[in-house]
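Asks: Structure provided below as structure tokens; questions to follow.
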Amino acid sequence: CDKGFDALPDCSAKRCPADCNHRGVCMDGVCICLGGWGGVDCMVARCPNGCSGHGECSTSSGQCVCEDGWGWRDCSRRLCASKCSQHGYCDDGSCMCRPGWQGADCSQPESCIGTCGGIERGECLGVNGCRCAPGYAGIDCSRRTCAVDCGVNGFCNDVVGQCECATGWSGEACAIRQCPNDCSSMGTCTLAGTCECVVGRGGADCAELTCADPECSGHGVCSHGVCSCDAGFAGERCELFGCPGVPSACSAVGICQLGGNASVRGSFLDELSARCSCPESRAGAACELLSCPSGGDGRSCSSHGACDPRSGTCICDTPWEGPACQSRRCPANCSEHGECNGSTGACVCSPGWAGALCERPGCAETFGQECSARGWCNVHRRICVCEKGWSGAACEVAAPCPSDCSAHGTCTGRGCVCSSGWRGVDCSRRDCPFNCSSHGGCSPAGVCECDAGWKGVACEIADCPNDCSRHGRCLPSGDCECFEGFTGVDCSRHHCVDDCGEEAGHGVCVAGECRCSAGFSGARCERRTCPRRCSGRGICVNGTCVCRPGFSGSDCSEGCLNACSHRGNCTPQGACSCGGGWRGLDCSVAPLRLPGCAPLCAERCEQGCERPAVRTSGGCIQKCNEECIVRCELDGEASRV
């Protein structure tokens, strides 16, 4: 074919200059260049958007060389000085500083906030901000720091500057395991969090009384730390026969009784039937133990506690107290506005106060009952609103007894005195327990209708809002103690346990979970992410894509077309360098063959051979039946002429 035409059957196809340098498509001798390239042979690189008028285009690479103060691929964005000093972000050439920083490049701390907490917490250094004293931190020195690392078992409370330990841990640095119930003050807490109990105590919290010999020598049963010996045996371990005692039988305070009602004081008799008869203040097989007081009913510790026979003192059950556990404690000490009835555990309020805890102002009392139990108290006006048939400041003035007191009371000159369980001017209405604890109204049927926030048969139980949303524990005060991860008066709001990196702009806490900002991921938004996950063509290393061979760009999205059809190499500029005679943008065009001649050889063959066919003025030589001569090698094939 003549110069400028391809070797098709009739040499009619026009060739493009340099085959468009693999950067375009040849159409009837004219190069149609790919994006970013131009010129008759697609050798001139073009820059995006003309570099926006803020830079020069490098025709060799097709990349913009931006002027100072401009950046991005097309020089369209203004740059900020020193990347805003890592204390802000760039917005069209201007630094937008984070709280606490100022200046054109966000390098200067803001002037002091407030007074830096006062002279004890810090001092103001002008534009350099607050310099906090030891033990304080924050831009205004408002946060307390802990003197020690609270470790993984607690966190630093920056309000008081002390570690707050998780359940089961204690100590200044939350490094000491707590023992259950502090070993009940009857043992030593080990570093492993277990109790080493004193003699006579046992159990996980040393609260159980134990016997010196749990088997009681096989002659008794251990109960509450004391061996109860079988008949004929005595001693702390039931190891003695007859009447034991130190220094003499029955400890010299009791009478040793024998079978047949025979007895002798202070003697030791080797008789199986001998028993000690102890005085009221003593107990035990040898009268060696001290008895505990009773509450007047003859029962030890009033049956509301356990007797410690070694000291003769009662260990009272909750909520009982007193030497004989005879008094019931009242809640909240009756709010300091009343006295506690030890037999019932109910508060007897002082005049002018009412409620189960004497916690609210009330009306004047008569006969120990608010409004004489014949009306209700208007707590805002502190006056009694009397029932029909009654009057007076305390509803104490009665009309003649109506309905003969309904057979549920006694008529007096002052009206009906109702029997227990009945109320009303004519004793026709059933009474409610504990007057509904002053937290509700009593229905005619004698059932308490509790006010909002209270529940129970007598409205005596504080009702926490929304049952603490099942995310907390309801306290006797009616307040919620929220579980970890929740907050609010009803524990309905989530809060994040971990820091989401909010101060660094990595994320925010939403519904108890960290919602990460763009460019960050992880449970605490601690990991930097890569754009478009590196397009699946590389790996992400600390927020930067490391691309696989053949790919480039911030997200590894730039590369050669069709991977050069696996017939060439991808250059750093994203163009295919084909081998073996293959051509085209993606090396998909097969080597040309002349009719009757061998395939075209590559232009870099030895001896300057350019083509296997011999060109003459008459065109391509057609006969190819002469001896095979190696002119150019192509994949092991030989060219013949």
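The values are calculated or read from the model by the stated rules, or taken from the named source; none is laboratory data. Since this is a predicted model, take the numbers as computed values, not measurements. Backbone-built Cβ (ideal geometry, glycine too); neighbour counts: all protein chains shown.
Asks: Taking residue 168 as meeting all but one of (1) surrounded by 14 or more Cβ atoms within 10 Å (Cβ to Cβ); (2) within 31 Å of the chain's Cα centre (by Cα); (3) within 30 Å of residue 206 (Cβ to Cβ), write down the number of the exception.
Replies: All conditions are met except number (1).
Asks: Here's another thing I want to ask about it. Would it be correct to say that residue 106 is at pLDDT below 85, on the phi > 0 side of the Ramachandran plot and in a loop (DSSP other than H, G, I, E, B)?
Replies: Criteria met by residue 106.
Asks: Now for a different question. Test of understanding: among 560, 564, 570, 587, which residue is at pLDDT 85 or above and surrounded by 14 or more Cβ atoms within 10 Å (Cβ to Cβ)?
Replies: 587
Asks: State yes or no: is residue 20 in contact (Cβ under 8 Å) with a residue 60 or more places away in the chain, closer than 21 Å to residue 591 by Cβ and touching an Asp or Glu at 6+ places or on another chain (Cβ under 9 Å)?
Replies: So residue 20 does not fit the description; no.
Asks: Related question: Being surrounded by 18 or more Cβ atoms within 10 Å (Cβ to Cβ), at pLDDT 80 or above and not in a loop (DSSP other than H, G, I, E, B) is the requirement here; does residue 211 meet it?
Replies: Against the criterion (surrounded by 18 or more Cβ atoms within 10 Å (Cβ to Cβ), at pLDDT 80 or above and not in a loop (DSSP other than H, G, I, E, B)), residue 211 does not qualify.
Asks: For residues that are assigned to a loop (DSSP other than H, G, I, E, B) and touching a Ser or Thr at 6+ places or on another chain (Cβ under 6 Å), scanning just the stretch 438-488, find the one that is surrounded by the fewest Cβ atoms within 10 Å (Cβ to Cβ).
Replies: Within the stretch 438-488, the match that is surrounded by the fewest Cβ atoms within 10 Å (Cβ to Cβ) is 458.
Asks: Of the numbered conditions (1) in contact with a Ser or Thr (Cβ under 9 Å, 6 or more places away or on another chain); (2) under 30 Å from residue 140 (Cβ atoms), residue 76 satisfies every one except a single condition; which is it?
Replies: Every condition holds for residue 76 apart from (2).
Asks: Return the residue satisfying two criteria in turn: it lies in the stretch 529-588 and is in contact (Cβ under 8 Å) with a residue 40 or more places away in the chain and in contact with a helix residue (DSSP H, G or I) (Cβ under 6 Å, 6 or more places away or on another chain), and of such residues it is farthest from residue 34 (Cα to Cα).
Replies: 576
Asks: Of the conditions (1) out of contact with any Pro (no Cβ under 7 Å at 6 or more places or on another chain); (2) not in a helix (DSSP H, G or I), residue 49 satisfies every one except a single condition; which number is it?
Replies: Among (1) out of contact with any Pro (no Cβ under 7 Å at 6 or more places or on another chain); (2) not in a helix (DSSP H, G or I), residue 49 violates only (2).
Asks: Against the condition of a type outside the set (S, T, N, Q), within 30 Å of residue 99 (Cα to Cα) and outside the structural domain of residue 215 (by TED's automatic domain parsing), how does residue 149 come out, does it pass?
Replies: Working: of a type outside the set (S, T, N, Q): yes; within 30 Å of residue 99 (Cα to Cα): yes; outside the structural domain of residue 215 (by TED's automatic domain parsing): yes.
Spelling it out, residue 149 is indeed of a type outside the set (S, T, N, Q), within 30 Å of residue 99 (Cα to Cα) and outside the structural domain of residue 215 (by TED's automatic domain parsing).
Asks: Moving on to the next point. Please determine, by comparing only the residues of the stretch 529-557 that are assigned to a strand (DSSP E or B) and not hydrophobic (A, V, I, L, M, F, W, C), which one is modelled with the highest pLDDT. Give the derivation first.
Replies: Just the residues of the stretch 529-557 that are assigned to a strand (DSSP E or B), to begin with: 538-541, 544-547, 551-552.
Checking which are not hydrophobic (A, V, I, L, M, F, W, C) leaves us with 538, 544, 552.
Working: 538: 84, 544: 89, 552: 73.
Only one residue tops the list, namely 544.
Asks: Further question: Would the stretch 499-511 turn up any residue that is under 12 Å from the mean Cα position of the chain (by Cα) and loosely packed, with under 13 Cβ neighbours inside 10 Å?
Replies: yes
Asks: If you go through the stretch 181-208, how many residues are assigned to a strand (DSSP E or B) and of a type outside the set (Ser, Thr, Tyr)?
Replies: So the answer is 8.
Asks: Before we move on, is residue 20 more than 22 Å from residue 559 (Cα to Cα) and in contact with a Leu (Cβ under 9 Å, 6 or more places away or on another chain)?
Replies: Here the answer is no, as residue 20 does not meet what is asked.
Asks: Taking the conditions exactly as written (over 32 Å from the mean Cα position of the chain (by Cα) and modelled with pLDDT under 85), does residue 94 satisfy them or not?
Replies: It is false that residue 94 is over 32 Å from the mean Cα position of the chain (by Cα) and modelled with pLDDT under 85.
Asks: If residue 149 passes every condition in (1) at pLDDT 85 or above; (2) within 26 Å of the chain's Cα centre (by Cα); (3) surrounded by 14 or more Cβ atoms within 10 Å (Cβ to Cβ) but one, which one does it miss?
Replies: Tallying (1) at pLDDT 85 or above; (2) within 26 Å of the chain's Cα centre (by Cα); (3) surrounded by 14 or more Cβ atoms within 10 Å (Cβ to Cβ), residue 149 fails exactly one: (3).
Asks: Regarding the stretch 419-438, can at least one residue be identified that is farther than 27 Å from residue 450 by Cβ and either of a type in the set (Gly, Ala, Ser) or modelled with pLDDT under 70 (or both)?
Replies: No, every residue in the stretch 419-438 fails to be farther than 27 Å from residue 450 by Cβ and either of a type in the set (Gly, Ala, Ser) or modelled with pLDDT under 70 (or both).
Asks: Taking only the stretch 133-173 into account, find how many residues are among the hydrophobic types (A, V, I, L, M, F, W, C), within 27 Å of residue 120 (Cβ to Cβ) and not in a strand (DSSP E or B).
Replies: Adding up the residues that qualify gives 10.
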